[in-house]
Amino acid sequence: KKMNDGFGVSTNGNDFESIISPPFPYTIDLLPTKSTNKVILPNTPVKASRLVIRHLEEEDIPKVLPEIVREFGSLISPSNEPKQPGDEVATQIENYLFSLTVLIGLTQRVERRKKGYLDDASGNSSLVIPDHNVICIVEQIPFVSENSSTTSYRDQIVGIGELSWQPPDPNRNAPPFVLPYFVKSILSRFNPVPAISAINGDNASSSKELINEPMGYISNVLVYKSRRGLGYGRVLMAALEGIARLWSCADVRLHVDANDVSGKVAQELYWSLGYQGVPDSRENKKRGSGLLSVLGKGREQNRVGFEWMGPNMANQGLYMVDGIPLLYL
């Protein structure tokens with residue numbers, strides 16, 4: 001998605017916090033409901049009265065880990081075939097290893113967000129490049145304890161999302177562990193891709209415009225299943241795009257499940273927000289855009305075996321990533 005200009009954030013000076021830190025925690029007051037207008041009795045659960053957008057902290061990781069494992073854990077799915085004796089054990093081992101990977105990866109991300117990277121390439125060794133901002137959306141629920149008449153709030157994380165710098169490679173997802181920024185820069189130079197203007201064919205000269213540096217990349221967007229349908233996904237995306245503007249990203253990219261059943265809700269969200277598919281090389285060749293040599297002939301085969309998904313998927317940016325069909329937007 002092509003981003004607009006920044007929204008008035010000053011980039012004068014070298015102070016890390018003043019340049020790129022989003023205004024977190026950011027509070028959104030929810031509309032009053034019947035349950036929040038009534039007198040709150042002690043130990044009586046009520047609906048959330050406000051949302052808070054903030055960074056994910058290290059102490060939050062154990063709280064979100066079970067939900068991440070439930071959503072993205074074992075790829076073993078129910079089938080009509082009878083289960084083998086070792087299937088349940090294999091699933092448990094896989095989920096344990098996945099949990100360990102997520103735990104290490106999230107811890108690295110929290111640490112990297114706090115430190116950033118020193119921008120040695122600019123010649124200004126004190127200028128810091130931000131990276132790996134994992135944010136969470138928190139419901140604050142009013143609650144009155146038995147020993148006090150004052151109303152306090154319980155925090156419940158109900159969604160997460162991440163913005164990071166990643167090489168603009170449609171055939172690769174963000175890795176589970178944090179890579180140094182200079183490594184991302186090297187990978188980007190070895191695998192340049194056309195700019196959005198080139199893909200859309202805005203002008204003839206743009207077909208040679210390449211991106212060979214890391215781009216803003218949104219990943220790990222998850223709204224808890226019990227809180228879906230409330231617009232929280234849009235809130236998360238707005239916050240992540242706001243951080244991207246703070247980082248002066250020209251546009252941001254993401255992958256989404258290409259399946260028209262399991263990925264339908266996420267696809268509809270991103271389409272409605274203005275995201276566009278980055279077509280693969282075979283479709284570019286049909287359009288005569290001249291991008292085949294740029295993207296590489298090897299990618300002509302990346303949809304082989306998935307023709308059943310329909311010809312429109314080529315226009316929407318279908319790519320095979322680790323054997324899974326994803327759309328690159």
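The values are calculated or read from the model by the stated rules, or taken from the named source; none is laboratory data. Note that the structure is predicted; figures quoted are calculated from it, not measured. Here the Cβ is made from the backbone with ideal geometry for all residues, glycine too, and neighbour counts use every protein chain on show. Surface accessibility is based on the protein's heavy atoms, side chains included, excluding ligands, DNA and RNA. Shrake-Rupley method; radii C 1.70, N 1.55, O 1.52, S 1.80 Å.
Some values worked out for this structure:
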item: Solvent exposure ordering (accessible area, 1.4 Å, most first) of LEU163, LEU326; result: LEU326, LEU163
item: Added length on full extension, which subtracts the Cα-Cα distance from 0.36 nm per residue, SER262 to GLU59; result: 70.0 nm
item: Rounded to the nearest 10 Å², the accessible area of VAL183 at probe 1.4 Å; result: 40 Å²
item: Largest-first ordering by accessible area, 1.4 Å probe, given options LYS115, LYS184; result: LYS115, LYS184
item: FRET efficiency, VAL89 to ARG172 (Cβ-Cβ, R0 41 Å, nearest 0.05); result: 0.85
item: Inter-probe distance in nm under a simple model that places probes 7 Å from Cα toward Cβ, at TRP271 and ILE104; result: 3.9 nm
item: Solvent-accessible area of PHE177 with every protein chain in place, 1.4 Å probe, in Å² to the nearest 10; result: 90 Å²
item: Ranking by accessible area, most exposed first, for MET320, MET237 with a 1.4 Å probe; result: MET320, MET237
